[in-house]
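Where a number appears in this text, it was derived from the coordinates with a stated rule and is not lab data. What you see is a predicted model; the values in this text were computed from it and never measured. A quick note on method: Cβ atoms are made from the backbone with ideal geometry, for glycine too, and the neighbour counts reach across all protein chains shown.
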Amino acid sequence: MIPPAGHTAHLAPLEEGLTLARVIAEHKGRYAILVNNQERTAEITGKMMFEAVTRKDYPAVGDWVAVQMYDGESPCIIHRILPRTTTLSRKTSGKEMEEQIIAVNVDIVFIVQGLDHDFNLRRLERFLVVASQSGAAPVILLSKTDLHTPETMQEVLQEVHAIAKSAPVIAYSAKTMQHLDVIKQFITTDVTVCFVGSSGAGKSTLINRLLGREKLATQEVRSEDSKGKHTTTHRELIHLPDGGCVIDTPGLREIGLWDADTSIDTTFADIIDLGLQCRFTDCTHNEEPGCAVRAAIDDGSLDEGRYISFLKLQKEADFIAAKTDITKQQERKAREKKLGKLQKEYQKQRRKG
Ligand SMILES: Nc1nc2c(ncn2[C@@H]2O[C@H](COP(=O)(O)OP(=O)(O)O)[C@@H](O)[C@H]2O)c(=O)[nH]1
Ligand SMILES: [Mg+2]
Ligand SMILES: [Zn+2]
């Protein structure tokens, strides 16, 4: 059996009769999977469907699954999802407190931002928080360098490095092919990368360049505001000819935080560190004497925009945490109810038999 590309060493041997496969796309409860070098459709077992309580219990793009294969055109049956190494999630747009899984088992999240009207440091920070929380390594890709002079590029890079901290930043052009080789170096054999960013940022164009053919549809951007139309309509995992997998995603102009309990602290480690230097341990960084945060804003070493962005994201994360706490209780109840039903059914069958 040939396992599809990606890190598989951690996956324990499968049960007799089951084969390792990778979910490459999802279409309304049906999955496209790659198994033994073939693309096949798959469905989950009735048991999986019955026991599923939240989105996490269903397969997602990037998942390793154990499937039973059947001859001919019959869909494969997914018996279980193998343990995930990373999960890239966001809050679904809208009022619902629901998680949307963007992709799983991703090693690197490429945050793509166009160096046109798309460019926005605050949005980059938000994407960094979401990417860090997934467990994957974030890398910032700034597209369309061909629109700028080397001088403005230098300024832009300085600004981005100031917020990226340890995350690599690569400015490239899909037009002149500048620095595409640097991007390629990240996508080694068995590595899975996921592209996120606004519509029109250049994700699909870049993947086409990496593939060496025009597989994905791309869109002309309206020049007055650089807003892209949504050309990419679904998430899809694509294998590159030289090894490595890339996941294209539809544009996400706004990306709501889902779980962000640790990633805000890592993304804004500079502000957390400053807070530790305040005279009072419970400093609110408002009017207190000896406040290191205010001092840093005043002397210009901390950008006030960044501090406001930090407060805003923190507030959003706290709100989600409080809400999901309630949801978790409801989920536990739903799970208990389902188990209770299963137990009753089992006892009924035993009495009969
Ligand atoms: N000038 C320039 N245009 C680019 C570059 N990368 C992408 N584009 C253009 O940006 C538009 C949106 O690209 P697309 O790949 O569809 O963006 P996506 O929505 O992120 O997938 C297309 O018209 C591309 O030709 C680049 O590096 N330079
Ligand atoms: Mg696209
Ligand atoms: Zn303070």
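To make sure I understand, if each residue's beta carbon is the centre and we count other beta carbons within 10 Å, what order do Arg40, Arg235 fall in, fewest to most?
Arg40, Arg235
With just the Cα atoms of the range 195-353, tell me how far they stretch along each of the three principal axes, in Å, largest first.
79, 51, 33
Sort Val169, Val61 so that the residue with the fewest other Cβ atoms within 10 Å of its own Cβ comes first and the one with the most comes last.
With the fewest neighbours first, Val169, Val61 line up as Val169, Val61.
Take the Cα of Lys47, step 7 Å along the line toward its Cβ, and report every residue of the range 70-106 whose backbone nitrogen sits under 16 Å from that point.
Zone members listed by number: 77-82.
Given the pairs Lys165/Lys333; Lys312/Lys338; Lys47/Lys91, which span a C-alpha to C-alpha distance of over 32 angstrom in this model?
Those over the limit are Lys165/Lys333; Lys312/Lys338.
Can you work out ³J(HN,Hα) from phi for every residue in the range 59-68, in order, using Karplus 6.51 cos²θ - 1.76 cosθ + 1.60 and θ = phi - 60°, giving whole Hz and x for Gly and Pro?
Rounded to whole hertz, the list is x, 10, 4, x, 5, 8, 10, 9, 10, 9.
Using Cα-Cα distances under 8 Å and only pairs 6 or more residues apart, what relative contact order does the range 137-274 have, in percent?
Relative contact order for the range 137-274 comes out at 21 percent.
Count the net charge of all other residues whose Cβ sits under 13 Å from the Cβ of Arg55, scoring Lys and Arg as +1 and Asp and Glu as -1.
Details: positive: Lys56, Arg84, Arg90, Lys91; negative: Glu26, Asp57, Asp63, Glu96, Glu98, Glu99, Asp259, Glu331.
Spelling it out: positives minus negatives among the neighbours equals -4.
In terms of the Cα gyration tensor, with a ≥ b ≥ c the square roots of its eigenvalues, is the range 87-248 rounded because a/c is under 1.5, prolate because a/b exceeds b/c, or oblate?
Verdict is rounded for the range 87-248.
When Lys and Arg each count +1 and Asp and Glu each count -1, what net charge do the other residues less than 10 Å away from Lys144, Cβ to Cβ, add up to?
-2
Points 7 angstrom from Cα along the Cβ direction at Lys338 and Arg122: gap in nanometres?
Going from the Lys338 label point to the Arg122 one covers 4.0 nm.
If you build the convex hull over the alpha carbons only and average its shadow over all orientations, what do you get for the range 1-128? Give it in nm² to one decimal.
Details: hull surface 40.8 nm².
The Cα convex hull of the range 1-128, projected and averaged over all directions, gives 10.2 nm².
Over the Cα atoms of the chain, what is the Rg over Rh ratio if Rh follows Kirkwood?
On the Cα set of the chain, Rg over Rh gives 1.02.
Placing one identical point scatterer on every Cα of the range 19-81 and ignoring solvent, what is log10 I(q)/I(0) from the Debye formula at q = 0.21, 0.23, 0.28 Å⁻¹?
For the range 19-81, the Cα-only Debye profile gives -0.74, -0.89, -1.32.
Pop a pseudo-label 7 angstrom from the Cα along the beta-carbon direction at both Asn286 and Arg84 and give the gap in nm to one decimal.
In this crude label model, Asn286 to Arg84 measures out at 3.9 nm.
Do any cysteines of the chain lack a neighbour Cys whose Cβ is under 4.7 Å away, and which are they?
Cys76, Cys194, Cys245, Cys291
Expressed as a rounded percentage, what relative contact order does the chain have, with Cα pairs under 8 Å and six or more residues apart?
Details: 628 pairs, mean separation 51.8, N = 353.
Normalised by residue count, the contact order of the chain is 15 percent.
How far, in degrees from 0 to 90, does helix 304-352 lean away from the longest principal axis of the Cα atoms of the chain, to the nearest 10?
10 degrees
For Lys323 and Glu39, what is the calculated FRET efficiency with R₀ set at 41 Å and r taken between the beta-carbons, to the nearest 0.05?
Approximately 0.60, to the nearest 0.05.
Modelling each spin label as a point 7 Å along the Cα-to-Cβ direction, I'd like the Met153/Leu211 distance in nm, to one decimal.
With each label point 7 Å from Cα toward Cβ, the separation is 2.7 nm.
Using alpha-carbon positions, what is the distance between the centroids of the range 255-285 and the range 119-187, in Å?
Comparing the Cα centres of the range 255-285 and the range 119-187, I get a distance of 23 Å.
Can you say what percent of the DSSP beta bridges in the range 19-81, counting only those with both residues inside, are antiparallel? Round to 5. Mind dumping the intermediate values first?
Values: 18 of 21 bridges.
Around 85 percent antiparallel, to the nearest 5.
What is the fewest-to-most order of Tyr70, Tyr31, Tyr172 by other Cβ atoms lying within 10 Å of their Cβ?
Tyr70, Tyr172, Tyr31
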